[in-house]
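Worksheet: the structure to be examined is printed underneath.
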Amino acid sequence: MTGAGDFWAMGGYAAFVWPAYAITLAALVLLLVTALRAQRQAERALAMLEGARGRRHARASSDKPAGDLA
Amino acid sequence: MHRYANPARFLRIVTAVLPWSAGASAVLLPVGFYLALLGSPPDYQQGDTVRIMYVHVPAAWMAMSIYSLMAASSAVALVWRHPVAELVTKAAAPIGAVFTAVCLITGSLWGEPMWGTWWVWDARLTSVLVLEFLYLGYIALVNAFDDATRGARAGAVLVLVGFVNVPIIKFSVDWWNTLHQPASIMRLGGPTIDIHMLAPLLVMALGFTSFFVTVLILRVRAELTLRKLRVLRLAQATA
Amino acid sequence: MTAASLAFRAVLARDLRLGLRHGSDIAMVVSFFVLAAVLFPFGVGPEANLLTRISAGVVWVTALLAAMLSLDRLFQADYEDGSLDQLALSPAPLAVIVLAKAAAHWLTTGLPLIVVAPALGLMLRLDPAGFVPLVLAMLIGTPSLSLFGAIGAALTLGARRGGALVALLVLPLVLPVLIFGVGAVEAAVTGLGPRPHLLILGALLAAALPLAPLAAAVALRQALESA
């Protein structure tokens, strides 16, 4: 390889090599982003539910005897 | 919270592994890309299109390995009713589907300049396409039920029914006259490929694998959280 | 007589009776088969050579799709009214019952398609040498469709959009049947002889006969457990 131009040209096959690498990179990024988003969404939903439950616990325990689901 | 006990232990293990696999991916992938694009010579016959091999082949290996992993975890889920095994299968499926798609697309991009065609209905390409349908069918099936457990169990059966496709993919280039070239790495007698090409290939393969492990752990953690959510909601509804 | 063969006969007879009583269902499957195949000359033009080249494929693909139509009902009615629970509790293995249901499905779906297929071949200008191989290949191949279809039907019991999902799951599994079914006709037409293809279809059927009912039975038990 003799220069930057040659590198991008990929021996004339640029139209094939670069899309292949772009797709691969895009796929990896997609997998990572969706995994992180799924985790964040799930944790947020759980936190909301546990928060609501905690508040209900506090309200309930003031007027109900013990024996709640834990 | 005894019902979370086993998954909790699993969670502790994967949380410990996560930084290692993430770190490995962060190192191996850039090195792999460098070797593939810059640190290796063009091929005598194929020129620079051979660089497509460094993403196409590892993606193909991932596509088949992930399905095999799903088959193993499905078998564990069905035989031992292991709840975490079901979640591993479910979490792995989208990753496998994406790698299969990458394999098919990069294969087309390699086939057009080399074979003169974007697609050919030979045994190898057809069976990999079937693999993609199996992945997508699994995802559709698992998500088609309101009862998540039923969906996961049905999916496990489907994965095992479709597993016969994996050896077909592997040996298709040996059993049939195909346009796709025969195996040059995973074969008895060792690889026939030159070391300068083997290196980027293996580094990319390891990079993809550690990346898969990282994403899998993230997805399984999300699935475990979702399951905790479902249990809590059920407990609230019956309170 | 074992419990298994008794159950097989009983379920087969019952499903056949039900299937024949709703004769309109059979007519619907056959009508779809004919209609879908007839669409092709309209779509690609009536030029004889072209139709001859695609005739075997069109007949097979439309037969496949027509066979998928009635699959989601294979277990549905029994599942909903509780008969499936009873069948699962009976001493006969659930796989035998699945086999009986798949047999009934084939008799009420596959067999009518085979009867009509030659007429479609005529309309699509199938090469004369292809008719007998087509019927033979369908005779050996369509039972596999019912067997693999039973797996799909069992897996999707109680699912949303079960009908479309069954086709999505089963079609990739029966691709070999399609490939060798069409291959048999093509081989006969080009003079190479359909025997290897027919033998492979036979092998597929031989594998499906014991294995598909087992897989479907596992899936059925899952459906019944979570009901």
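A simple count of charges around A:MET10, restricted to other residues whose Cβ falls under 15 Å of its Cβ and scoring Lys, Arg +1 and Asp, Glu -1, yields -3.
Here C:PHE148, B:PHE208 are placed in order of increasing Cβ neighbour count within 10 Å, fewest first, which gives B:PHE208, C:PHE148.
With Cα atoms defining each centre, segment C:77-108 and segment B:51-88 are spaced 33 Å apart in the structure. Between B:ILE217, A:THR24, B:TYR54, the Cα set farthest toward the positive side of the dipole of the protein assembly as shown (charges on each charged residue's Cβ, about the Cα centre) is that of B:ILE217. When all alpha carbon pairs of segment C:16-164 are counted in 5 Å bins from zero, the resulting P(r) reads 2, 9, 18, 19, 18, 13, 9, 6, 4, 2, 1, 0 %. Evaluated at q = 0.10, 0.12 Å⁻¹, a Debye calculation over the C-alpha positions of the protein assembly as shown (equal weights, vacuum) places log10 I(q)/I(0) at -0.95, -1.20.
Using alpha-carbon pairs under 8 Å, 6+ residues apart, how would you state the relative contact order of chain B in percent? List each step's numbers first, then the result.
Working: 258 pairs, mean separation 76.7, N = 239.
Reported as a whole number, the value is 32 percent.
Here, chain B is characterised by an Rg to Rh ratio of 1.03, where Rg is the alpha-carbon radius of gyration and Rh the Kirkwood radius. Here the Karplus curve 6.51 cos²θ - 1.76 cosθ + 1.60, taken at θ = phi - 60°, turns the phi angles of segment C:190-198 into couplings of 8, x, 7, x, x, 4, x, 5, 5 Hz, with x standing for Gly and Pro. Note on segment C:23-85: dipole from Cβ charges, positive end direction compared against C:LEU35, C:LEU64, C:ASN49; the farthest Cα belongs to C:ASN49. Taking a ≥ b ≥ c as the square roots of the eigenvalues of the Cα gyration tensor, segment C:164-217 is classed as oblate, since a/c reaches at least 1.5 and a/b does not exceed b/c.
Sort C:SER5, C:SER144 so that the residue with the fewest other Cβ atoms within 10 Å of its own Cβ comes first and the one with the most comes last.
Numbers: C:SER5 12, C:SER144 26.
Lowest count first: C:SER5, C:SER144.
Can you tell me the FRET efficiency between B:ILE139 and B:LEU18 if r is taken as the Cβ-Cβ distance and R0 is 30 Å, rounded to the nearest 0.05? Walk me through the numbers before you get to the answer.
Values: r = 24 Å, r/R0 = 0.79.
That pair, B:ILE139 with B:LEU18, gives E of 0.80.
Neighbours of B:LEU179 by Cβ distance under 11 Å: Lys/Arg scored +1, Asp/Glu scored -1, total 0.
If the only charges are +1 at each Lys and Arg Cβ and -1 at each Asp and Glu Cβ, what is the size of the charge dipole of the protein assembly as shown around the Cα centre, to the nearest 20 debye?
Numbers: 37 positive and 27 negative charges, 389 e Å.
Computed about the Cα centre, the dipole is about 1860 debye.
For B:GLY155, neighbours were defined as the other residues whose beta-carbon sits under 11 Å from its Cβ, and their charges (Lys and Arg +1, Asp and Glu -1) total +2.
What's the exposure ranking of A:MET10, C:MET138, C:MET123, going from fewest to most Cβ atoms within 10 Å? Each step should come with its number before you reach the end.
Details: A:MET10 21, C:MET138 26, C:MET123 17.
If I rank by nearby Cβ atoms, fewest first, I get C:MET123, A:MET10, C:MET138.
Taking the helices alone, chain B has a mean residue ellipticity at 222 nm of -28000 deg cm²/dmol, built from -39,500 (n - 2.57) per DSSP H run of at least 4 residues and averaged over all its residues.
Bear in mind that the values in this text are calculations on the coordinates, not laboratory data. Quick caveat: nothing in here was measured; it's all calculated off a predicted structure. Cβ sites come from the backbone with ideal geometry, for glycine too, and all protein chains shown count toward neighbours.
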